[in-house]
Amino acid sequence: MSARKEATPVTTPLRPVALRCAHLANPLAVAPGRVRLSWELDGEGRDRRQRAYQVRVEADGPAGADGPSGAGPPAWDSGRTESADCADVGYAGRPLAPGGRYRWQVRVWDENDVCSPWSDPAWFEVELDPRDGWRGSWISPGPAHENLSPPEGPADPVGRAMAPVPYLRRAFRLDAPAAAVRTARLYMTALGLYEARLNGARVGQAFLTPGWTDYGHRILYQAYDVTGQLGDGENVLAALLADGWYSGFVGFDAKRAGAHYGTAPELLAQLVIAFADGTCQTVATDAGWRTQLGAIAHADLLMGERHDLTREPGGWDTAGFDDRGWRAVRCRDQPGRRVVADPGPPVRVTQQIAPVWVRRADDGRYLADFGQNLTGWLTVTVRGPAGTQVRIRHGEALTEDGRLYTENLRAARQTDEIVTPGGTAAFEPRFTLHGFRYAEISGYPGELDPGDLAARVVHSDIEPAGSFRCSQEWLNQLFRTIDWGQRGNFISVPTDCPQRDERLGWLGDAQVFARTACYNRDVAAFFAKWLDDVADAQLDSGAFTDIAPRLLPRFARTGAPAWADAGVILPWTLYVMYGDRSIVRRHFAAMTAFLDYLERTNPDYLRCRDLGAGYNDWLAPGADETPRELLATAYWAYDAALMAEMAGAIGRPAEASRYRDLRDKIGAAFTGAFVSADGRVASGTQTAYVLALHMDLIPAGLRAAAAGHLAAAIDRADGHLTTGFAGVSYLLPVLSSHGHDDLAYRVLGQRSRPSWRYMMDHGATTIWERWDGWTPERGFTSPAMNSLNHYSLGSVGEWLYRFVLGIEPAPGTPGFARLTVRPHPGGELDWAEGSYRGVRGPIRVRWRRSGTEFALETELPPGTTASVRVPSAAAAQVRDDLGHSPDGTAEFPGAPGVTEAVFEVGSGTHRFTGPAVRAT
Ligand code: BGC
């Protein structure tokens with residue numbers, strides 16, 4: 001940084017805030033190997049940075065079974081550590097005790113070597129010992145379950161395949177007075193889904209726990225703080241148990257998933273109560289539990305839930321309930337089961353939405369519109385006589401004659417049913433999920449007041465990280481639509497769609513959307529969890545699969561190019577966006593096995609063998625197809641390049657150089673096979689050019705020519721895209737990086753299909769699976785495959801952040817420690833503003849073109865530096881707010897012949913003005 005930009009004198013020290021462990025705030029169960037610490041820096045003024053840090057971790061008494069004592073020296077004192085790192089700082093102290101609670105703080109020295117006060121404390125608790133930390137057995141109603149079925153079960157085959165939800169309870173007394181309880185932790189999991197209850201109340205706010213994994217490989221559990229919820233006298237620990245992904249309907253096999261994982265759910269729980277005198281009491285799942293059926297006649301993720309509220313055993317989960325008529329549970333020890341702490345964020349209800357309208361049809365049915373396609377369920381209040389049956393069906397759209405459109409749901413019923421108990425009753429399902437904007441309610445007794453209905457939005461609780469606003473309202477709507485698609489599909493795993501009988505963790509979809517996903521929301525922990533699923537699904541050959549968790553046996557085959565490659569692209573994306581090297585280390589062996597497999601299978605460095613289902617550029621519109629081997633080889637080269645970068649990042653130079661060589665060999669094979677001397681790429685599809693350019697497979701001297709051919713291909717399509725899933729995410733970034741901002745904006749702004757704006761113009765509130773999801777000529781496209789909530793084509797979100805706003809990590813500097821701020825103003829936009837909150841805190845950008853002037857403002861958190869690039873008609877005339885001229889000028893990549901003013905800045909707010917490239 002030049003001398004004239006000396007740090008403005010500041011008096012307030014930097015303050016470490018927003019402490020996180022494993023990307024989570026105060027996690028209650030974290031594997032010792034995953035304890036990575038991070039913090040943001042709060043501080044006024046400019047050019048603020050951390051010179052050194054000190055982390056102190058202290059045992060904080062027993063939370064779980066074998067917790068540390070709390071006395072003695074700190075578990076870890078890093079001492080003053082000369083480092084600017086404030087993310088992905090690995091714990092390096094004494095071994096962490098299983099079930100132990102640790103309190104940690106950090107202080108930092110700033111650019112002037114002024115030391116901050118210690119931060120507010122944060123905590124983490126260590127997971128139970130996976131080998132012998134669990135005291136209980138797996139319990140279930142066992143074979144007696146069938147005999148417990150209600151006599152008048154549903155008559156149809158689907159209904160018969162669904163089981164009622166068992167209620168399980170265990171009464172117990174504390175070993176000491178409740179006032180002596182120091183901490184109480186409940187650890188719970190299920191093969192299936194559980195809802196934990198303690199003394200009549202639901203425990204925690206998570207739904208669909210423990211989440212979806214390949215249960216043969218790993219089962220997640222959650223930990224809850226239940227201190228203060230125990231009483232003197234009798235206490236009752238209880239749970240409901242549903243099929244979920246374990247034994248319910250999953251995917252598009254029209255049968256229960258018994259064939260995939262198991263046939264009936266089971267529960268494992270452990271309540272650990274620590275008393276002030278140092279003693280501990282454990283209540284676990286054992287033969288002392290009792291079970292019975294209740295109101296929930298069935299509960300299935302795809303099919304829906306039926307509650308017969310006349311059958312609810314009132315007070316069943318509270319003290320004093322007479323459970324003599326209940327049955328003993330079956331106990332099973334399952335020593336082979338791997339039970340580990342959930343590293344991801346829980347699924348929660350994150351929003352409630354009132355209907356926009358409710359109408360009554362002539363046949364008495366009600367129809368409600370919630371104005372937004374979402375994933376979740378409805379809460380309904382019903383007043384009426386006992387035994388009234390109310391039915392709620394959910395759909396994403398209406399037919400032309402105004403009825404609920406459900407054809408595209410395929411076999412997923414998405415139907416909830418209530419049998420009313422008499423009087424006023426509230427209904428809310430909890431073991432199902434529906435993708436819907438509209439609901440049809442039949443059988444409702446009396447008048448349905450809109451206030452009796454609300455939609456609950458349910459998804460993995462990924463916090464918002466990004467924002468975007470600009471002068472074109474349709475683009476703001478597109479931004480919201482992309483985010484809603486992410487919310488609706490990030491449910492324990494990233495699914496393709498939330499409504500039909502599919503909802504699978506497709507790797508290709510997640511891969512193309514991953515960068516957008518990171519900008520939109522904090523998905524570090526979410527993807528960390530899912531990458532374990534991806535690794536669990538990996539085949540013995542080393543190949544990654546199409547979907548994770550994998551459903552057997554149909555998906556036990558090599559994943560298609562662009563799908564399987566997610567196994568490499570995802571860890572790299574997390575590394576770049578969060579500076580997360582631990583994820584790279586954790587998956588390095590799996591990624592290496594994949595790369596080895598590709599090389600073994602394709603010794604001539606063209607990837608043309610074992611392409612799995614070969615989805616290619618899935619759902620690309622237009623007649624021309626990108627050659628499969630071209631797409632496959634381009635992704636392979638990309639994998640090798642990313643491997644080289646990641647190997648370097650984790651200190652493996654030999655592998656880095658091996659992967660660079662590999663990349664060069666693949667690159668040479670690609671160029672030889674697909675690139676001609678004039679820069680044309682075989683087949684001439686937009687996707688062929690986009691992949692070749694993005695993956696750096698065009699010799700340097702031919703890049704501009706190739707980009708010109710891409711531009712010509714777009715012109716031939718009259719300014720439309722012809723990219724499918726694989727090509728679409730890189731299309732606009734490639735155009736903007738190769739001098740074609742104008743075309744990028746033209747493609748973006750197209751009103752006729754295929755285009756994003758076409759979707760917006762036709763009422764999309766989530767991104768459609770297909771460019772032609774609905775057309776005036778045909779209405780809804782084939783119901784066999786037409787989701788109206790698929791995030792893949794929403795991967796254009798990345799371009800809004802990286803190019804319209806221009807927020808991008810600097811090459812080679814992951815985690816935004818150093819970044820580039822390079823907006824690409826263009827199209828009809830007069831202004832744009834937005835932000836991204838990464839691991840170092842919020843980065844803001846705002847720009848405006850007015851008349852002949854272009855003004856840019858950016859705000860950077862402490863601990864970051866940026867190269868700010870201001871495109872201008874006269875770059876040398878651009879000034880910052882102190883009147884300084886640029887540190888240099890360079891060629892602006894977005895448009896030929898345009899230069900950019902370059903300013904090297906540190907943290908703080910900076911403003912720049914200069915002559916606009918084009919007057920408005
Ligand atoms: C899914 C996708 C997926 C694809 C594989 C579809 O059924 O909905 O989004 O990636 O299959 O081609």
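Whenever a residue of the range 64-93 is under 19 Å from A341 (Cβ atoms) and modelled with pLDDT of 95 or more, its partners that are open to solvent by 70 Å² or more (accessible area, probe 1.4 Å) and part of a loop (DSSP other than H, G, I, E, B), lying with C-beta atoms within less than 6 angstrom and at least six residues away or across chains, give the pairs A75/R94. Here A620 does not qualify as under 28 Å from H260 (Cα atoms) and either within 16 Å of the ligand (Cβ to nearest atom) or open to solvent by 10 Å² or more (accessible area, probe 1.4 Å) (or both).
Taking (1) over 24 Å from A810 (Cα atoms); (2) part of a helix (DSSP H, G or I); (3) free of Cβ contacts under 8 Å to residues at least 24 places away in the same chain in turn, S657 satisfies each apart from (1).
Consider A566 carefully, then state whether it is over 24 Å from V349 (Cα atoms), within 15 Å of the ligand (Cβ to nearest atom), crowded, with 24+ Cβ neighbours inside 10 Å and in contact (Cβ under 8 Å) with a residue 40 or more places away in the chain. Considered against the rule, which asks whether it is over 24 Å from V349 (Cα atoms), within 15 Å of the ligand (Cβ to nearest atom), crowded, with 24+ Cβ neighbours inside 10 Å and in contact (Cβ under 8 Å) with a residue 40 or more places away in the chain, A566 comes out as yes. The requirement of being farther than 30 Å from S752 by Cβ, in contact with a Cys (Cβ under 9 Å, 6 or more places away or on another chain), among the hydrophobic types (A, V, I, L, M, F, W, C) and buried (at least 19 other Cβ atoms within 10 Å of the Cβ) is satisfied by A632. For the range 750-764, the condition holds for at least one residue, the condition being that it is within 20 Å of L619 (Cα to Cα), of a type in the set (D, E, K, R) and touching a residue at least 12 places away in the same chain (Cβ under 8 Å).
Restricting attention to the range 828-841 and to residues that are buried (at least 20 other Cβ atoms within 10 Å of the Cβ) and charged (D, E, K, R), the residue that is farthest from R918 (Cα to Cα) turns out to be R840.
On inspection, P561 passes the criterion of being open to solvent by less than 20 Å² (accessible area, probe 1.4 Å), more than 19 Å from D536 (Cβ to Cβ), within 16 Å of the ligand (Cβ to nearest atom) and touching a residue at least 24 places away in the same chain (Cβ under 8 Å). Being open to solvent by 60 Å² or more (accessible area, probe 1.4 Å), small (G, A, S) and outside any helix (DSSP H, G or I), is that true of even one residue in the range 605-614? No: the range 605-614 contains no residue that is open to solvent by 60 Å² or more (accessible area, probe 1.4 Å), small (G, A, S) and outside any helix (DSSP H, G or I). Looking only at the range 768-782, decide whether some residue is open to solvent by 20 Å² or more (accessible area, probe 1.4 Å) and either within 29 Å of G651 (Cα to Cα) or assigned to a helix (DSSP H, G or I) (or both). Within the range 768-782, not a single residue is open to solvent by 20 Å² or more (accessible area, probe 1.4 Å) and either within 29 Å of G651 (Cα to Cα) or assigned to a helix (DSSP H, G or I) (or both).
One residue stands out in the range 706-759 among those that are assigned to a helix (DSSP H, G or I) and polar (S, T, N, Q): the one that is farthest from S676 (Cα to Cα), namely S729.
Please go through the range 842-864 and give me each residue that is in a strand (DSSP E or B), surrounded by fewer than 18 Cβ atoms within 10 Å (Cβ to Cβ) and not small (G, A, S), ordered by number. Residues satisfying the conditions are P842, E853, E857, E859. Taking S752, is it buried (at least 21 other Cβ atoms within 10 Å of the Cβ), among the small types (G, A, S), away from the ligand (no atom under 16 Å from the Cβ) and over 23 Å from the mean Cα position of the chain (by Cα)? Against the criterion (buried (at least 21 other Cβ atoms within 10 Å of the Cβ), among the small types (G, A, S), away from the ligand (no atom under 16 Å from the Cβ) and over 23 Å from the mean Cα position of the chain (by Cα)), S752 does not qualify. Taking strands (runs of 3 or more DSSP E) that fall entirely within the range 15-133, which contain at least 1 residues that are among the acidic types (D, E)? Ranges flagged: 36-42, 50-62, 100-110, 122-125. Cβ-Cβ contacts under 6 Å between residues 6 or more apart (or on different chains), taken from a first residue in the range 163-190 that is part of a helix (DSSP H, G or I) to a second residue that is surrounded by fewer than 24 Cβ atoms within 10 Å (Cβ to Cβ) and of a type outside the set (A, V, I, L, M, F, W, C), are listed as A178/G231; A178/D232. Looking for something within 16 Å of the ligand (Cβ to nearest atom) and assigned to a loop (DSSP other than H, G, I, E, B) - is there at least one such residue anywhere in the range 827-841? No, the conditions are met nowhere in the range 827-841. All of P814, P825, P886 fail the test of being open to solvent by 10 Å² or more (accessible area, probe 1.4 Å), in contact (Cβ under 8 Å) with a residue 60 or more places away in the chain and farther than 30 Å from V89 by Cβ, apart from P825. Checking each residue in the range 783-799 for being surrounded by 20 or more Cβ atoms within 10 Å (Cβ to Cβ), of a type outside the set (G, A, S) and part of a helix (DSSP H, G or I) picks out L793, V796, E798, W799. Out of all the residues in the range 675-690, is one or more open to solvent by 30 Å² or more (accessible area, probe 1.4 Å), in a helix (DSSP H, G or I) and not β-branched (V, I, T)? No, there is no match, as no residue in the range 675-690 is open to solvent by 30 Å² or more (accessible area, probe 1.4 Å), in a helix (DSSP H, G or I) and not β-branched (V, I, T). If you filter the range 889-911 down to residues that are open to solvent by 40 Å² or more (accessible area, probe 1.4 Å) and of a type in the set (D, E), you find that the one that is nearest to R746 (Cα to Cα) is E891. Scanning the range 592-617 for residues that are within 12 Å of the ligand (Cβ to nearest atom) and closer than 16 Å to D639 by Cβ yields one hit, G612. Of the strands (runs of 3 or more DSSP E) lying entirely inside the range 336-431, the ones with 3 or more residues being over 30 Å from L28 (Cα atoms) and out of contact with any Ser or Thr (no Cβ under 6 Å at 6 or more places or on another chain) are found at 357-360, 366-384, 389-395, 415-419, 423-427.
Output yes when any residue across the range 439-449 is touching a residue at least 40 places away in the same chain (Cβ under 8 Å) and within 28 Å of the chain's Cα centre (by Cα), and no when none is. Scanning the range 439-449, I find at least one residue that is touching a residue at least 40 places away in the same chain (Cβ under 8 Å) and within 28 Å of the chain's Cα centre (by Cα), so the answer is yes. Does R746 meet the test of being within 16 Å of the ligand (Cβ to nearest atom) and open to solvent by 10 Å² or more (accessible area, probe 1.4 Å)? No. Residues that are open to solvent by less than 20 Å² (accessible area, probe 1.4 Å) and not small (G, A, S) within the range 865-878 comprise V868, V870, P871, V878, listed in sequence order. Scan the range 381-406 residue by residue and report those that are under 14 Å from Y438 (Cα atoms) and surrounded by 14 or more Cβ atoms within 10 Å (Cβ to Cβ). Residues satisfying the conditions are R391, I392, R393, H394, G395, E396, A397, L398, R403, L404, Y405, T406.
The values are calculated or read from the model by the stated rules, or taken from the named source; none is laboratory data. Remember, predicted model here, so these are calculated numbers, not experimental data. Using ideal geometry, Cβ is built from the backbone for each residue, glycine included, and neighbour counts are taken over all protein chains shown. These accessible areas exclude ligands, DNA and RNA; they are computed on the full protein's heavy atoms, side chains included. Shrake-Rupley method; radii C 1.70, N 1.55, O 1.52, S 1.80 Å.
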